[in-house]
Amino acid sequence: MSPDPAAATLHLGRDLMLAGSRLRDAVGRRAQREFGITALQGDMLLLLATHGSMISTELAAACGVNASTVTHAVDAGIERGLMKRTRNEADRRLVDIGLTPAGKRMAGRVRALLADVARAALEGLGAPQMVLLAESLAQVSRNLDRD
């Protein structure tokens, strides 16, 4: 009897969610233990290091949380000297969130931590498997971005 494609897709979807959740949890535990920041704050530091600055609604969408959650995380980041708020030059009604020099250094540390956790998570996969996985996950992300 051949496997049910719908059931296989459901299991794969669950495995994707579980793997993402476990990766985020592992990064969050280490970031909390080693740097005293949450997984969300780590995500935000990486995003801001890449984009330079973002408004809170952009950060919320990119992190998959609501704006009030971002506000609390940014407040904590400002308190730690990692983030700053500045008035948006193009639209004075908006506030940009960016990194301080200490935040940029912390983003580098979080990037290294994420790479370390990812290396451990990918242990046992060969280069061809990792290329295929990366291409497949990129396609999954593109498909989900269509919503």
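Measure nothing fancy, just the Cα-based angle from helix 67-79's long axis to the longest principal axis of the chain, in degrees from 0 to 90, nearest 10.
Relative to the chain, helix 67-79 is tipped by roughly 60 degrees.
Take the Cβ-Cβ distance between Thr71 and Asp4 as r, set R0 to 41 Å, and report the resulting FRET efficiency rounded to the nearest 0.05. Intermediate results must be reported in sequence, preceding the final value.
Working: r = 45 Å, r/R0 = 1.09.
Rounded to the nearest 0.05, the efficiency is 0.35.
So if I place +1 on the C-beta of Lys and Arg and -1 on the C-beta of Asp and Glu, and nothing else carries charge, what would the dipole magnitude of the chain be about its Cα centre? I want it in debye, nearest 20.
Charge dipole of the chain: 540 debye, to the nearest 20.
Angle check, please: helix 5-35 long axis (alpha carbons) against the longest principal axis of the chain (alpha carbons), in degrees 0 to 90, nearest 10.
Once rounded, the angle reads 40 degrees.
Report the net charge of residues surrounding Asp96, where surrounding means a beta-carbon distance below 12 angstrom and charges are Lys +1, Arg +1, Asp -1, Glu -1.
+2
How far apart, in nm, are two points set 7 Å out from the Cα along the Cα-to-Cβ line at Arg92 and at Glu123?
So the two model labels end up 5.7 nm from each other.
Name all residues of the range 130-147 having a backbone nitrogen under 15 Å from the label point set 7 Å from the Cα of Leu16 along its Cα→Cβ direction, giving them as ranges.
The answer is 133-147.
Could you calculate the FRET efficiency of Gln139 with Asp116 from 1/(1 + (r/R0)^6), where r is the beta carbon distance between them and R0 is 25 Å, rounded to 0.05?
Taking R0 as 25 Å, the efficiency between Gln139 and Asp116 is 0.45.
Semi-axes of the equivalent ellipsoid of the chain: what are they in whole Å, largest first, if each equals the square root of 5 times a C-alpha gyration tensor eigenvalue?
After scaling each eigenvalue by five and taking roots: 32, 19, 14 Å.
Please quote Rg/Rh for the range 27-81 to two decimal places, taking the Kirkwood radius as Rh and restricting both calculations to Cα atoms.
Details: Rg = 10.6 Å, Rh = 11.2 Å.
So for the range 27-81, dividing Rg by the Kirkwood Rh gives 0.94.
Give the angle, between 0 and 90 degrees and rounded to the nearest 10, that separates the Cα long axis of helix 127-145 from the longest principal axis of the Cα atoms of the chain.
Around 60 degrees separate the two axes.
Throughout, read-outs are computed from the coordinates displayed, never taken from laboratory work. Keep in mind that what you see is a predicted model, and the values were worked out from it rather than measured. FYI the Cβ positions are ideal-geometry reconstructions off the backbone, even for glycines, and counts take in every protein chain you see.
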